[in-house]
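Only the coordinates and a few stated rules stand behind these numbers; no lab work does. Since we're looking at a predicted model, the values are computed, not measured.
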Ligand SMILES: Nc1ncnc2c1ncn2[C@@H]1O[C@H](COP(=O)(O)OP(=O)(O)OP(=O)(O)O)[C@@H](O)[C@H]1O
Ligand SMILES: [Mg+2]
């Protein structure tokens with residue numbers, strides 16, 4: 001519940017969601033349905049709500065190094081280099097093994113050669129890779145991705161989706177991806193969660209039982225994408241509310 005202009009807005013209601021360790025979960029829903037709020041609760045950035053949120057059996061009371069977050073905009077510090085930005089979350093006294101993790105993750109996201117570049121010297125996709133490396137440098141148990149590729153062009157987006165898949169397979173972290181892109185949700189997720197309009201509830205959970213790497217042109221993929229598309233649009237009476 002948020003206070004807005006003297007009134008209140010209920011962002012989420014009756015949400016019950018359990019994510020298994022190591023799972024890749026995609027979350028789709030129309031603009032304003034509470035997707036970011038849900039991720040912020042799991043990240044520990046939002047603490048003023050009714051109900052309980054747990055991570056690995058413990059109540060979530062605030063942010064923690066076990067949960068990394070990647071936002072739609074890269075949020076890198078413009079005055080720090082890629083390497084310094086990636087190291088930023090590790091704290092003041094960066095140890096040798098921390099720097100190893102920094103360099104390993106810069107390598108993992110394909111930014112080697114750009115360690116000493118500043119954010120303004122990077123393309124949008126590269127900056128987003130740097131923010132993914134920053135979120136991963138702490139070796140979080142879960143990565144929370146809030147529309148991380150929303151601002152990227154279609155080709156870069158597909159490339160980034162493939163990289164996230166590779167990173168997930170290597171790091172074995174639990175992934176929660178909020179997206180407006182049904183194709184992306186199906187390409188990446190073990191399951192796709194469809195949220196209803198505000199106040200956001202979980203409308204449907206659709207398992208994606210397709211082998212990886214997934215072929216976006218396959219019959220099974222297109223069938224599932226169409227089914228989710230139909231399910232998604234069925235819920236709304238105001239088509240203009242979508243931000244797809
Ligand atoms: N800090 C806040 N103060 C007041 N209201 C807020 C705040 N954060 C979110 N809200 C409200 O809660 C609702 C859900 O917002 P949220 O950002 O979670 O939506 P979203 O599903 O992520 O939308 P989008 O797809 O546009 O990013 C919206 O109505 C929004 O106005
Ligand atoms: Mg949002």
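For the chain, modelled as a GNM whose springs connect Cα atoms under 10 angstrom apart, the maximal fluctuation among 112, 138, 197 occurs at 112.
Entry note, segment 1-143: relative contact order of 24 percent, from Cα contacts under 8 Å with a spacing of 6+ residues.
Only Cα pairs under 8 Å and 6+ residues apart enter the sum, and on that basis the relative contact order of the chain stands at 29 percent.
Our summary of shape: the Cα atoms of segment 78-139 have principal axis extents of 29, 23, 18 Å, ordered from largest down, in whole angstrom.
Between the Cα long axis of helix 154-171 and the first principal axis of the chain there is an angle of about 70°, rounded to the nearest 10. Relative contact order of segment 59-140: 48 percent, from C-alpha pairs under 8 Å at least 6 residues apart in sequence. As I understand it, the value is the acute angle between the Cα axis of helix 96-108 and the longest principal axis of the Cα atoms of the chain; what does it come to in degrees, rounded to 10? The angle comes out at about 60 degrees. Within the chain, DSSP assigns beta bridges of which about 35% are antiparallel (rounded to the nearest 5). Relative to the longest principal axis of the Cα atoms of the chain, helix 124-136 runs at roughly 80 degrees. For the chain, the spread of Cα positions along the three principal axes, ordered from largest to smallest, is 53, 47, 34 Å.
Report summary: the helix-based calculation at 222 nm, which adds -39500 (n - 2.57) for every DSSP H run with n ≥ 4 and divides by the residues of the chain, gives -10500 deg cm²/dmol.
Here segment 1-94 is treated as a Stokes sphere of Kirkwood radius computed over C-alpha pairs; at 4 °C and 1.567 mPa s its diffusion coefficient rounds to 82 µm²/s.
Alpha carbon centre of segment 96-159 versus segment 11-31: separation in Å? If we compute the Cα centre of each part, the gap is 24 Å.
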